[in-house]
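Take a look at the structure set out below.
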Amino acid sequence: MQREKNMLTEPVTQKNRAVELTRNEPKLELLRELVAHLRQNRTLLREEWVARIAEARLLTAMTQEEIFAEATSVYDSYVAALETGTFEALQAYARNLSERIIPRGVETHEVVGIVLLLRDVLARSLFAKYQTDFEKLNRILDAYEPAANRIANTVAVGFVQERERVIRQQQEAIRELSTPVLQVRERLLILPIIGVIDPQRARQLTEQLLRAIRTNRAKVVVIDITGVAAMDVTVANHLVQTVEASRLLGATVIVTGLSPEIAQTLVTIGVDLGKMNTVGDLQGGIEQAERLLGYKVVNPEQGPGEGR
Amino acid sequence: MQVPILKQGGVLIATIQAALSDADLLELRTALVQQVVRYRSSGVIVDVTAMDVMDSFASRTLLEISHIIRLRGAATVIVGIQPEVAFAMVQLGLTLEDIPTALDLEEGLAYLQQKARSIN
Amino acid sequence: MASDTQILITSDKDVVTARQQGRAVALQTGFSMSEATLIATAISELARNIVSYANQGSVTLKPVHGSNGASGLTIVASDSGPGIADVTLALRDGYSSSGGLGLGLPGVRRLMDEFDIASRAGSGTTITITKWLP
């Protein structure tokens, strides 16, 4: 018994559901009885649960109607998970629920709290029902507890994952706002890079630049690294990849402000500087970009848009 | 699954769908070469806007297409590579070497026109 | 915790299925569009190798949790084909798409955070790759 309990509360990646079912064969009958009881007493138990939620001052960000509606869904999903022994539907529901309540300001401890309260309310009703048959109560609890624990785990983890996803999205949005890719002319973008660049920021800059190339239909990009003191090999690789990826989107990249140190780093990683489009300073880079775009007609025989 | 190939003047435009298998790509290669010959096309545009992934096989095949078509005197332009796909490609080390690329169909056509003009 | 998804690979159509599923699971796990594309690309390479060299095998997508609480995705590409005689050569990085015996493995390793390969001539190949959420 002890071993089975531990197995059921371990993370799913180590579980083998088929094995679990055969080991728990006698439990299935009990689970069915238990689920029937929970369905029969649905209204009563749900009411009690909602009362306990209010008592514990949880979900204060939601209205009574909302709490009641969600409570009904959670209750039904809970019982369904107990009944089927499968948790995908519950997981999907947990994610869905989290998506709705996170913007309302509901916190992790509240979600964990209400699920645990439901577990308790249901457990108590089992005590009440089987109090005259101690032996049976034990067996029913043996069937109920592992499943209930796993449900609590599933819902809590689902909520936390969703929260983490939202936080990551927000962080991404903030980073986007604070890293400008500037459009100075039609089809011409400038990306001034300043300060210390770590690999993650470098990757993010690349993604932003590529998206900007597409949005602005840029044909030339000037990446200015005058303000970058030093670059390690990883970041230098990112720079090269950025140039190559921009090319795949049909844009030419001009790198300006390349210091001798960084030039050396690039050579070290095998970059043929002769093939990379570099200009000493930003101003010179912009001028060359404009030439490429045909803004200044240098030679009367060159038509507009002559560039590749 | 057949990749639709349109003819616009001297240019063939092949529009690739997302769920393109290796066999489909090889079919495309054959079809494009046949049609370049039949219509004496001067340019081919392969639109990969809907392509979800560009891996080493796809990139090799596009290179092959471009080289074979060049032997026929025509130019190939790959258009519509998505930012995420371009990002993945360069990390995988796939650069499509010397094949011209453009942002989209419009740019691709402009490039081919300009090239035709500069030849004449 | 989501459960594993296994895709049987026997034809080039399965390569497409594997990478589409891979992208979907990656997005579900919380990866960005860019990261999901990287993962889908890596899966495409591995699945294709199975079709090309082993005729059949499988790709399994496993959402995982690290010891520090991080979430990630592990992909296991496995077959019982002829195996790779010289794994070192297969991982040699020529930095071109034909580097590494044309298996694309150096590239896949670059895309992922963790890369493990077990292969012996005559007894199949299992490649396990993992990417973690930042």
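Taking the convex hull of the Cα atoms, report for the protein assembly as shown its projected area averaged over all directions, in nm².
Values: hull surface 125.9 nm².
Orientation-averaged projected area of the Cα hull: 31.5 nm².
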### Query
Round to a whole number: what % of the accessible area of region A:213-288 belongs to carbon and sulfur, probe 1.4 Å?
53 percent
#### Entry: Relative counts (whole %) of C-alpha pair distances in region A:23-66, using bins that are 10 Å wide
24, 32, 25, 17, 3
### Task
Using the Karplus curve 6.51 cos²θ - 1.76 cosθ + 1.60 with θ = phi - 60°, work out ³J(HN,Hα) for each residue of region B:68-77 in order, rounded to whole Hz, and write x for Gly and Pro.
5, 5, 5, 4, 8, x, 10, 9, 10, 10
### Task
Mind putting together the pair-distance distribution for region C:1-132? All Cα pairs, 5 Å bins, whole percent per bin, short to long.
2, 12, 22, 25, 20, 12, 6, 1
### Message
Among B:ALA58, B:ALA14, B:ALA88, which one shows the highest mean-square fluctuation when chain B is modelled as a Gaussian network with alpha-carbon springs under 10 Å?
### Response
B:ALA88
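Which of the three applies to region A:232-289, rounded, prolate or oblate, going by the alpha-carbon gyration tensor with a ≥ b ≥ c and a/c under 1.5 meaning rounded? The partial results should precede the final answer.
Numbers: a/c = 2.08, a/b = 1.17, b/c = 1.77.
Oblate is the answer for region A:232-289, as a/c is 1.5 or above yet b/c matches or exceeds a/b.
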### Query
Calculated from DSSP H runs of 4 or more alone, at -39500 (n - 2.57) each and per residue, what is the 222 nm mean residue ellipticity of the protein assembly as shown, nearest 500?
-18000 deg cm²/dmol
### Task
Could you check which residue among B:GLY43, B:GLY108, B:GLY93 shows the biggest mean-square fluctuation in a GNM of chain B with a 10 Å Cα cutoff?
B:GLY93
### Task
Would you be so kind as to identify which of A:VAL74, C:ALA36, A:ALA92 lies farthest towards the positive end of the dipole of the protein assembly as shown, taking Lys and Arg as +1 and Asp and Glu as -1 on Cβ and the Cα centre as origin?
C:ALA36
### Query
Just the projected area, averaged over all directions, of the convex hull on the alpha carbon atoms of chain B: how many nm²?
6.7 nm²
### Summary
For region B:75-120, using Cα atoms only, the Rg and Dmax in Å read 12.3, 39
#### Entry: Area accessible to solvent at B:SER42, 1.4 Å probe radius, in Å²
70 Å²
### Nearest 10 degrees, 0 to 90: helix A:25-40 Cα axis against chain A principal axis
90 degrees
### Query
Taking the simple approach of a point 7 Å from Cα along Cα-to-Cβ for both A:GLN64 and B:ALA31, what is their distance in nm?
6.5 nm
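Rounding to the nearest 20 debye, state how big the charge dipole of region A:88-213 is about its Cα centre with +1 on each Lys and Arg Cβ and -1 on each Asp and Glu Cβ.
On the way: 18 positive and 16 negative charges, 69 e Å.
So the dipole magnitude of region A:88-213 works out to roughly 320 debye.
If you place +1 on the Cβ of every Lys and Arg and -1 on the Cβ of every Asp and Glu, how big does the dipole about the Cα centre of the protein assembly as shown come out, in debye to the nearest 20?
On the way: 57 positive and 64 negative charges, 154 e Å.
Magnitude of the dipole: close to 740 debye.
Checking a compactness column here: for region A:36-172, what do you get for Rg(Cα) / (2.2 N^0.38 Å), N being the number of residues?
Details: Rg = 15.5 Å, N = 137, 2.2 N^0.38 = 14.3 Å.
My calculation over the Cα atoms of region A:36-172 gives 1.09.
Within 10 Å of each Cβ of B:74-86, how many other protein chain Cβ atoms are there on average? Kindly include the intermediate steps, with their values, before the conclusion.
Numbers: counts 0, 0, 0, 1, 2, 2, 3, 7, 8, 17, 13, 9, 15.
Mean inter-chain Cβ contacts per residue within 10 Å come to 6.
Considering every residue in A:201-209, what mean count of other chain Cβ atoms within 10 Å of its Cβ is obtained? Kindly include the intermediate steps, with their values, before the conclusion.
Numbers: counts 0, 0, 5, 3, 0, 6, 8, 1, 1.
Counting Cβ atoms of other protein chains within 10 Å of each residue's Cβ and averaging gives 3.
For region A:47-127, what is the convex hull volume of the alpha-carbon atoms per residue, in Å³? Walk me through the numbers before you get to the answer.
Numbers: hull volume 7.0 nm³, N = 81.
In region A:47-127, the Cα hull volume divided by residue count equals 86 Å³.
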### Task
Could you tell me the convex hull volume per residue, in Å³, taken over the Cα atoms of region A:158-255?
110 Å³
### Query
In square angstrom, what is the accessible area per residue of the protein assembly as shown with a 1.4 angstrom probe?
47 Å²
### Task
Output ³J(HN,Hα) for region A:62-75: one whole-Hz value per residue in order, computed from phi by the Karplus curve 6.51 cos²θ - 1.76 cosθ + 1.60 with θ = phi - 60°, and x for Gly and Pro.
10, 7, 4, 4, 5, 4, 4, 4, 5, 4, 4, 4, 4, 4
### Summary
Listed residues A:ALA229, A:ALA147, A:ALA71; largest mean-square fluctuation, Gaussian network over chain A with Cα springs below 10 Å, found at A:ALA229
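Tell me the relative contact order for chain C as a rounded percent, counting alpha carbon contacts under 8 Å between residues six or more apart.
Numbers: 271 pairs, mean separation 31.4, N = 134.
Relative contact order for chain C comes out at 23 percent.
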#### Entry: Label-point separation in nm, C:ALA85 to A:GLU83, each point 7 Å along Cα→Cβ
6.0 nm
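Could you list the GluC sites (Glu not before Pro) in region B:1-104 that lie in coil according to DSSP, counting only those with at most 16 other Cβ atoms within 10 Å of their Cβ? Please report the intermediate quantities before stating the final value.
On the way: sites: B:GLU27, B:GLU64, B:GLU84, B:GLU97; in loops: B:GLU97.
Loop-located and lightly packed - B:GLU97.
Within region B:1-55, what whole-number % of the accessible surface is contributed by carbon and sulfur, with the 1.4 Å probe and all protein chains included in the calculation?
Values: 1280 of 2390 Å².
So the carbon and sulfur contribution to the accessible surface is 54 percent.
If Lys and Arg each add +1 and Asp and Glu each add -1, what is the summed charge of the other residues whose beta carbon sits under 9 Å from the beta carbon of B:ALA19?
-1
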### Task
Let me know the mean shielding of C:42-49 by other chains, meaning the per-residue number of their Cβ atoms within 10 Å of its Cβ.
4
### Task
Any chance you could list the semi-axes, whole Å, largest first, of the equivalent ellipsoid that the Cα gyration tensor gives for region A:131-187, using √(5λ)?
56, 7, 5
### Message
If you count only protein heavy atoms and use a 1.4 Å probe, how large is the accessible surface of A:HIS238, to the nearest 10 Å²?
### Response
20 Å²
### Message
Along the Cα→Cβ direction, 7 angstrom out, place labels at B:THR61 and A:GLN283. What is the inter-label distance in nm?
### Response
5.2 nm
### Message
List the trypsin sites (Lys or Arg not before Pro) within region A:44-73 that DSSP assigns to loop and that have no more than 16 neighbouring Cβ atoms inside 10 Å.
### Response
A:ARG57
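Place a +1 charge on the Cβ of each Lys and Arg in chain B and a -1 charge on the Cβ of each Asp and Glu, then give the dipole magnitude about the Cα centre in debye, rounded to the nearest 20. Mind dumping the intermediate values first?
Values: 9 positive and 13 negative charges, 155 e Å.
The calculation lands at about 740 debye.
Using DSSP to call loops (not H, G, I, E or B), can you name the GluC sites (Glu not before Pro) in region A:183-292 whose Cβ has at most 11 other Cβ atoms within 10 angstrom? Intermediate values should be presented prior to the final figure.
Values: sites: A:GLU186, A:GLU207, A:GLU244, A:GLU261, A:GLU287, A:GLU290; in loops: A:GLU186.
Those satisfying the criteria are A:GLU186.
With Kirkwood's inverse mean 1/r over C-alpha pairs for Rh, give me the Rg to Rh ratio of region A:88-241, two decimals please.
Working: Rg = 26.2 Å, Rh = 20.1 Å.
Answer for region A:88-241: 1.30.
Tell me, rounded to the nearest percent, the portion of alpha carbon pairs in chain A spaced more than 38 Å apart. Can you show the working numbers first?
Numbers: 21775 of 47278 pairs.
Of all Cα-Cα distances in chain A, 46 percent exceed 38 Å.
In Å² (nearest 100), what accessible area is buried between A and B, both sides summed, heavy protein atoms only, 1.4 Å probe? Could you put the intermediate results ahead of the total?
On the way: alone 17430 and 6840 Å², together 22360 Å².
Looking at A and B, the buried total is near 1900 Å².
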### List of region A:247-269 residues, accessible area with partners at least 40 Å² below that of the chain alone (1.4 Å probe)
A:ARG247, A:LEU248, A:LEU249
### Message
Of B:MET54, A:ALA173, A:LEU116, which is farthest towards the positive pole of the protein assembly as shown's charge dipole, taken about the Cα centre with +1 and -1 on the beta-carbons of Lys, Arg and Asp, Glu respectively?
### Response
B:MET54
### Message
Counting protein heavy atoms only and a 1.4 angstrom probe, how many square angstrom of accessible surface do chains B and C bury in total, to the nearest 100?
### Response
2000 Å²
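Quick check: net charge around B:LEU94, other residues with Cβ under 11 Å of its Cβ, Lys/Arg +1 and Asp/Glu -1? The partial results should precede the final answer.
Details: positive: B:ARG60; negative: A:GLU244, B:ASP55, B:GLU97, C:GLU45.
Residues near B:LEU94 contribute -3 overall.
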### Message
For a Förster distance of 35 Å, can you work out the FRET efficiency between the beta-carbons of A:THR108 and A:ARG39, rounded to the nearest 0.05?
### Response
0.75
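The values are calculated or read from the model by the stated rules, or taken from the named source; none is laboratory data. Keep in mind it's a predicted model, so treat the numbers as computed, not measured. Glycine gets a Cβ as well: all are built from the backbone with ideal geometry, and neighbour counts include every protein chain shown. For the accessible areas, the whole protein counts, side chains as well, though only heavy atoms, and no ligand, DNA or RNA atoms are used. Shrake-Rupley method; radii C 1.70, N 1.55, O 1.52, S 1.80 Å.
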